[in-house]
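Encoded as structure tokens, the structure appears first; notes follow it.
The values are calculated or read from the model by the stated rules, or taken from the named source; none is laboratory data. Here the structure is a predicted model, which means the values were calculated and not measured. Note: ideal-geometry Cβ built from the backbone for every residue, glycine included; neighbour counts use all protein chains shown. Quick note on the areas: whole protein, heavy atoms, side chains included, nothing else; ligands and nucleic acids left out. Shrake-Rupley method; radii C 1.70, N 1.55, O 1.52, S 1.80 Å.
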Amino acid sequence: IITVLSNKGIENNDEEICDICESVASMLRYSTSTLKPSATIEEEIEHVRNYLVLMKKRYEHRLEFEIDIAKSIYKQPIPKIVLQQIVENSVNHGFKNGQKVVKIQIKGYLLNGWWYIDFIDNGLGFEEHILSELKIKMELMRKEIMEGANKTGLAIGGMGIINTFARLLLFYNNEFDFKIKNLECGGAQATIGSTMKCFEEEEKSC
């Protein structure tokens, strides 16, 4: 179907349709590949870029985004489709709250032997009681997974912040950082990070 649409775009000299088809095809290939459950940060960021390109086509001038990831963290391992969930939260809540223009910044960097990725938006932020509840649930989830129990019945299923936290927790075996907060200037910030893994080709810089 995507090929048919793309060909129609070419026939009608419609570059926008071709761009949309290319982004959708790339996302489908990435998300449906079962060769490995994990990816590199570089691959995840490319997936997020394709998602944001599609959202830009939908919301046009009402969505602005900026991605700046240090090449030094490109090859670090990460679970697939976790970054998109964080970005989706910013997009959905931004427009849900009636923002005229939703701005999203994604910044990746290396600090003291850890890599970090910040997700910053200009929305209304989290309501304080929701923010407190999320933090409590994340700590309960951390405790339960590390103890191999599920006493409170918190579900790992679903695609929300708690699910993202749980997937990162399991993948990095608790050696990771996940923070969410409201910004004084407005909007919210989520930050994830973990220790740098050293590969053969990177040994000289580790």
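Tabulated results
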read-out: Close pairs from the range 61-83: first in contact (Cβ under 8 Å) with a residue 40 or more places away in the chain, partner exposed (fewer than 14 other Cβ atoms within 10 Å of the Cβ) and hydroxyl-bearing (Ser, Thr, Tyr), Cβ under 9 Å, at least 6 apart; value: Ser72/Ser205; Pro77/Ser38; Ile78/Ser38; Pro79/Ser38; Lys80/Ser31; Lys80/Ser33; Lys80/Ser38; Ile81/Ser31
read-out: Filter pass, Leu131 being over 15 Å from His47 (Cβ atoms) and open to solvent by 30 Å² or more (accessible area, probe 1.4 Å); value: no
read-out: Some residue of the range 163-170 being modelled with pLDDT of 95 or more, of a type outside the set (Val, Ile, Thr) and open to solvent by 50 Å² or more (accessible area, probe 1.4 Å); value: no
read-out: Conditions (1) modelled with pLDDT under 75; (2) within 16 Å of the chain's Cα centre (by Cα); (3) not aliphatic (A, V, I, L, M): number failed by Asp19; value: (2)
read-out: Boolean, Glu44 is modelled with pLDDT of 90 or more and open to solvent by less than 20 Å² (accessible area, probe 1.4 Å); value: yes
read-out: Selection from the range 57-88 of residues that are farther than 12 Å from Ile117 by Cα, open to solvent by 50 Å² or more (accessible area, probe 1.4 Å) and touching a Lys or Arg at 6+ places or on another chain (Cβ under 9 Å); value: Arg62, Glu64, Phe65, Glu66, Lys75
read-out: Residues that are more than 15 Å from the chain's Cα centre (by Cα) and closer than 21 Å to Ile130 by Cα, drawn from the range 78-101; value: Gly94, Phe95, Lys96, Asn97, Gly98, Gln99
